[in-house]
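K.L.:
Supplied in structure tokens, the structure appears directly below.
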Amino acid sequence: MGTHEYENDPRNENVLISINGEMFPRGDAKVSVFDSGFLLGDGVWESFRLHNGTLVFLEDHLDRLFHGADALSMDPGRSRGEISNEIMRVVQANGMHDEVHLRLILSRGLKPTPYQAPWVISSPPTMVIIPEYKRANPQRAVDGISLVTVDIRRGSSEVQDPRINSLSKHNCIAACIDAASKGGEEGLMLDPHGFVSTCNSTHFFMVKDGEVWTSTGEFCLDGITRRKVLGLCQENGIPSYERNFDLSDVRSADEAFVTGTFAGLTPVVSFDGEPMSDGSRGPLCERLQGLYIDLVEGECGD
């Protein structure tokens with residue numbers, strides 16, 4: 001499972017899930033077959049991490065959620081405060097405090113009939129909040145993952161805006177399948193022009209001569225962790241660039257890593273079947289991992 005490898009927790013069998021403000025045991029949590037999220041993938045989603053009783057970078061995640069909804073011309077039907085309060089109500093109802101991952105799904109709502117037009121709708125938007133005790137495998141932060149180039153590319157905003165966290169994830173799923181068929185744990189995707197863009201479920205960074213490179217961001221999701229890493233580089237005198245680069249640059253890189261809300265920073269130790277950074281975590285990745293942990297703990301009052 002690569003960066004999303006986690007430790008099973010039996011407590012998840014009994015968690016309470018919020019659907020439009022009503023709590024349901026996990027086994028009873030259901031939405032209608034006429035929900036636009038189910039019928040069309042019409043909606044947005046966001047993930048949150050609960051650490052030491054605090055939702056990490058909450059405002060950044062809410063910004064992205066509302067931006068995505070606005071891009072889809074979808075009114076969430078709830079204020080930021082109402083959404084954040086409901087997330088915390090779910091947390092409190094489950095007695096959760098730490099090492100929790102939450103997925104919030106916001107769809108356009110119920111359709112009176114299976115039909116594409118977004119104005120053909122018969123209910124307010126549907127909001128689901130799924131909390132889970134979910135701790136990333138800590139060994140992955142040391143041992144890293146294998147990364148492979150995939151044939152599936154990121155599209156342009158004229159096809160489907162890749163910067164939006166929409167429920168329509170076919171592009172990333174196809175890349176995930178391609179990566180697995182090539183023996184990789186994550187797939188490195190190119191943009192329409194052949195430059196490195198992002199991975200199927202994480203953001204990609206490489207290190208060359210002490211510099212940190214990542215894509216321009218034009219064809220990838222606006223990653224919160226990605227943004228925080230770039231900020232940490234700037235604050236700690238580490239040269240960093242959002243730029244175009246290609247696969248030949250990756251093959252000659254000194255080290256690489258990927259980022260995401262769930263696992264933070266994960267080193268890449270193999271690229272297209274060849275060792276990266278001598279097959280081990282690189283020093284700059286390790287340094288940034290420490291800085292990121294400090295940033296999260298500072299956010300959460302540790």
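K.L.:
With the requirement that a residue be in contact (Cβ under 8 Å) with a residue 40 or more places away in the chain, in contact with a strand residue (DSSP E or B) (Cβ under 7 Å, 6 or more places away or on another chain) and surrounded by fewer than 23 Cβ atoms within 10 Å (Cβ to Cβ), what does the stretch 187-200 give you?
P.N.:
Leu190
K.L.:
I need a count of the residues in the stretch 23-46 that are closer than 25 Å to Glu13 by Cα and assigned to a helix (DSSP H, G or I).
P.N.:
Of the residues in the stretch 23-46, 5 are closer than 25 Å to Glu13 by Cα and assigned to a helix (DSSP H, G or I).
K.L.:
If I filter the stretch 258-268 for residues that are farther than 15 Å from Lys228 by Cβ and of a type outside the set (Lys, Arg), do I get at least one hit?
P.N.:
For the stretch 258-268, residues farther than 15 Å from Lys228 by Cβ and of a type outside the set (Lys, Arg): present.
K.L.:
Within 16 Å of the chain's Cα centre (by Cα), surrounded by 22 or more Cβ atoms within 10 Å (Cβ to Cβ) and assigned to a loop (DSSP other than H, G, I, E, B): does that describe Phe219?
P.N.:
yes
K.L.:
Looking for whichever is over 27 Å from Leu291 (Cβ atoms), outside the structural domain of Ser47 (by TED's automatic domain parsing), touching a residue at least 60 places away in the same chain (Cβ under 8 Å) and within 21 Å of the chain's Cα centre (by Cα) here; the options are Lys169, Lys228. Which one fits? Quick ask: steps written out before the conclusion?
P.N.:
Numbers: Lys228 fails: over 27 Å from Leu291 (Cβ atoms).
Matching residue, one of Lys169, Lys228: Lys169.
K.L.:
Same structure again: Name every residue in the stretch 262-295 that is assigned to a strand (DSSP E or B) and either at negative phi or touching a Cys at 6+ places or on another chain (Cβ under 7 Å) (or both), in order of residue number. Give the steps one after another, and end with the answer.
P.N.:
Kept after step one, since they are assigned to a strand (DSSP E or B), are these residues of the stretch 262-295: 264-271, 274-275.
Correct list: Leu265, Thr266, Pro267, Val268, Val269, Ser270, Phe271, Glu274, Pro275.
K.L.:
Moving on to the next point. What is the residue count in the stretch 1-56 for residues that are out of contact with any strand residue (DSSP E or B) (no Cβ under 8 Å at 6 or more places or on another chain) and of a type in the set (S, T, N, Q)?
P.N.:
Summing the residues that are out of contact with any strand residue (DSSP E or B) (no Cβ under 8 Å at 6 or more places or on another chain) and of a type in the set (S, T, N, Q) in the stretch 1-56 gives 3.
K.L.:
Identify all residues within the stretch 64-100 that are in a helix (DSSP H, G or I) and either outside the structural domain of Ala117 (by TED's automatic domain parsing) or farther than 14 Å from Ser18 by Cβ (or both); write none if there are none.
P.N.:
Let us first name the residues in the stretch 64-100 that are in a helix (DSSP H, G or I), namely 64-71, 80-93.
Scanning the stretch 64-100 gives Arg64, Leu65, Phe66, His67, Gly68, Ala69, Asp70, Ala71, Arg80, Gly81.
K.L.:
May I pose another question? Among Ile129, Ile177, which is at pLDDT 95 or above and closer than 22 Å to Ser36 by Cα?
P.N.:
Only one candidate passes the filter, namely Ile129.
K.L.:
Filter the stretch 51-63 down to the residues that are closer than 13 Å to Ile224 by Cβ and in a loop (DSSP other than H, G, I, E, B) and list them by number.
P.N.:
Result: Val56, Phe57.
K.L.:
Here is a further query. Kindly check whether there is at least one residue in the stretch 16-24 that is among the acidic types (Asp, Glu), surrounded by fewer than 13 Cβ atoms within 10 Å (Cβ to Cβ) and farther than 28 Å from Val120 by Cα.
P.N.:
Within the stretch 16-24, not a single residue is among the acidic types (Asp, Glu), surrounded by fewer than 13 Cβ atoms within 10 Å (Cβ to Cβ) and farther than 28 Å from Val120 by Cα.
K.L.:
Still on this structure, I have one more. Hey, Ala180 hits all of (1) surrounded by 14 or more Cβ atoms within 10 Å (Cβ to Cβ); (2) in a loop (DSSP other than H, G, I, E, B) but one; which does it fall short on?
P.N.:
(2)
K.L.:
Report yes if Pro162 is modelled with pLDDT of 95 or more, part of a loop (DSSP other than H, G, I, E, B) and either farther than 30 Å from Gly279 by Cα or among the acidic types (Asp, Glu) (or both), otherwise no.
P.N.:
No, not satisfied.
K.L.:
Can you tell me which residues in the stretch 125-160 are over 28 Å from His97 (Cα atoms) and small (Gly, Ala, Ser)?
P.N.:
Scanning the stretch 125-160 gives Ser146, Gly155, Ser156, Ser157.
The values are calculated or read from the model by the stated rules, or taken from the named source; none is laboratory data. All of these numbers come straight from a predicted model, not from anything done at the bench. Ideal geometry is used to build each Cβ from the backbone, glycine not excepted, and the neighbour counts take in all protein chains shown.
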